[in-house]
Structure formats: structure tokens, C-alpha cells
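Before any comments, here is the structure.
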Amino acid sequence: LRARRDTSVRLLNAIPGMSCTAPEGAFYLMPRFDGLDGQTDEEFVLDVLREEGVLLVHGSGFGMAPDHGYMRIVYLPPVDVLEAAIEGIGRVAERRLAHTA
């Protein structure tokens, strides 16, 4: 699990506009994307699902403000699955940032 967590955190932090800290005792991550540009976190995770087939949960479902850009990612899948999923998240994030530039 540590390798899955550490790989996920490293890959998420490499995405422009994304930040993520490593949890010490949970099997999920709560990264934040700063490039919502008027979208809610729910709209962003739905875009990720529609555009890349990656299922996330919006942070507002866990009490975070919808405009703060948090999402929840479970890091239980194998590393190769996590890498592919996070690459998809990165593509959506990069498109959002390019759109706002």
C-alpha cells in the first residue's frame, strides 16, 4: 500500500495545478486542483469520468467547499492501474488549464 500511496502522491503532484499530501493512515487521497475556473469539484470529476473513464468522488461529498477543487481517490488498485488513472486525470487538468489561459 505504501508504494501505491507514494506513487499516486508523486504523480498527482506532478500535474500542473494539482497538489496532494500523503495520508498517514488512510487508503484514500484528497488532492486539490486549483484550475476549476468557475467549475465545481463535482463538475470536474464528472468531466474526468466522461473524458477519461476515471471515477473519482468530489470533495464536496465529504464536506469540502465545492469551489475548492478537492477530490477523493482510493489508492487500493495496483500501481499500473493507478498510473493510468492519474494520467487521465492529468490530461483533463491540462485541458482545463489550457482552456483558461
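The values are calculated or read from the model by the stated rules, or taken from the named source; none is laboratory data. The structure presented is a predicted model; accordingly, all values stated were derived computationally and were not measured. For neighbour counting, all protein chains shown are included, and Cβ atoms are generated from backbone atoms with ideal geometry for every residue, glycine included. Surface areas here come from the heavy atoms of the whole protein model, side chains and all, with no ligands, DNA or RNA. Shrake-Rupley method; radii C 1.70, N 1.55, O 1.52, S 1.80 Å.
All of (1) within 18 Å of Leu82 (Cβ to Cβ); (2) open to solvent by less than 70 Å² (accessible area, probe 1.4 Å) hold for Gln39 with one exception: (1).
Comparison of Ala85, Ala98 shows that the only residue that is part of a helix (DSSP H, G or I) and buried (at least 17 other Cβ atoms within 10 Å of the Cβ) is Ala85.
Annotation: of all residues in the range 24-36 being open to solvent by less than 70 Å² (accessible area, probe 1.4 Å) and at pLDDT 95 or above, the one that is nearest to Val92 (Cα to Cα) is Phe33. The set of residues from the range 23-37 being farther than 15 Å from Ala65 by Cβ and out of contact with any strand residue (DSSP E or B) (no Cβ under 8 Å at 6 or more places or on another chain) comprises Glu24, Gly25, Ala26, Gly35, Asp37.
Consider the range 65-82 and keep the residues that are hydrophobic (A, V, I, L, M, F, W, C) and surrounded by fewer than 17 Cβ atoms within 10 Å (Cβ to Cβ). The one that is farthest from Gly53 (Cα to Cα) is Ala65. If you check Val92, Val57 for being out of contact with any Cys (no Cβ under 7 Å at 6 or more places or on another chain), farther than 17 Å from Ile15 by Cα and not aromatic (Phe, Trp, Tyr), only one passes: Val57.
Per-residue answers, yes or no, for (1) farther than 19 Å from Pro78 by Cβ; (2) open to solvent by less than 30 Å² (accessible area, probe 1.4 Å); (3) under 11 Å from the mean Cα position of the chain (by Cα); (4) of a type in the set (S, T, N, Q):
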| position | (1), (2), (3), (4) |
| --- | --- |
| Leu1 | no, no, no, no |
| Leu12 | no, yes, yes, no |
| Ile15 | yes, yes, yes, no |
| Glu51 | yes, no, no, no |
| Gly59 | yes, yes, yes, no |
